[in-house]
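Single-structure report; data block below.
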C-alpha cells in the first residue's frame, strides 16, 4: 500500500471513529436528559414544581401563609375489615388501582394532591398557587366527580364488593412549607387541616361533609345543592353546624 493510500485510509477511519463517537455522545446525552426528566417528574409529584426548583438551586424555601384554601380528606369505609379479608399484596394492588384512578381525575381540577396515608387521601386547592375563592368550587367539583366515578370502580380481588368512601371538606387559612432534607415533603399546618380531617371522620358513606365556612363560599357561586346536617359534636371543636354537599346544577357544572 502506498503512503498516500495508507494516509487516506487512516484519515477515513479516524473520520468514521469521530462520527461514531459523536453519535454515542448524542445518544448518551439524550439518555441522560430522559432520565433527568423522569427524576424531575417524580420530584414534582412529591413537592410543587416551584418548590422543587428552589431546592435544586440549594435555596431555602420559607413556609408561606395562605389566608384562604380548601382542604379535602377522604377515606375508605370498612378498610380495616377489607384488609383483614385480603392479603397484603391484594391491599397494595387495590389502593394502587384506586389512587391511580383518583390521580387521573384530579388532573382536571385546579387542586394539589398533598399526600396519601394508607386509605386516607388528602387534596388542597388555593395553594401553592392562589386562586381567589375558586378553591372551594374546585374541591367541591372534585369530590362530586370522585363519588360519581366510584359507581364503576371494581376491587380486583372482590369484584362484587361495592367500594364506599366518606369525604370531608373545610375552608380557611393555613401555612404550607417543606419539611425534611433527605425526603422533603410539602406539608400543610394549621387548624384548617385539623377541621377538614374532622369533617371526614364525622362524615358518612358516599357523602360529602362540608363545614359552614366552605358552605358559605360555595353559596356565592349559586350552583351547588347543599343541605343542612344540623349540629354535631366534633372532637376538639365542640358543637358545629355542618352540611351535606349533594350536587351541582348541571348547566353550570364542568
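Here are some notes:
- Highest-first packing order for the peptide set 230-238, 157-165 is 157-165, 230-238, based on the mean count of other beta carbon atoms within 10 Å.
- Cα shape, the range 188-230, gyration tensor, a/c 1.5 rule: oblate
- FRET efficiency for residue 81 and residue 55, using Cβ-Cβ distance with R0 set to 41 Å, rounded to 0.05: 0.50
- With one equal scatterer per alpha carbon and no solvent term, the Debye-computed log10 I(q)/I(0) for the chain at 0.12 1/Å reads -0.78.
- Between residue 9 and residue 149, the simple spin-label model (points 7 angstrom out along Cα→Cβ) gives 6.7 nm.
- Among 21, 150, 188, the largest mean-square fluctuation in a Gaussian network model of the chain, built with springs joining Cα atoms closer than 10 Å, belongs to 21.
- Over the range 41-144, the ratio between the Cα radius of gyration and 2.2 N^0.38 Å evaluates to 1.25.
- Three-way shape call for the range 209-254 based on the alpha-carbon gyration tensor, with the a/c threshold at 1.5: prolate
- You can think of it this way: the chain between residue 31 and residue 100 has 22.1 nm of extra reach, that is 0.36 nm per residue less the Cα-Cα gap.
- For the pair the range 206-254 / the range 170-201, the C-alpha centres are spaced 21 Å from each other.
- Theoretical FRET efficiency, 1/(1+(r/R0)^6), r = Cβ-Cβ of residue 247 and residue 92, R0 35 Å, to 0.05: 0.55
- Estimated FRET transfer efficiency (residue 235, residue 162; beta-carbon r; R0 35 Å; 0.05): 0.80
Rule-based calculations on the coordinates, nothing more; no lab input. Quick caveat, the model's predicted, so the values are computed rather than measured. Backbone-built Cβ (ideal geometry, glycine too); neighbour counts: all protein chains shown.
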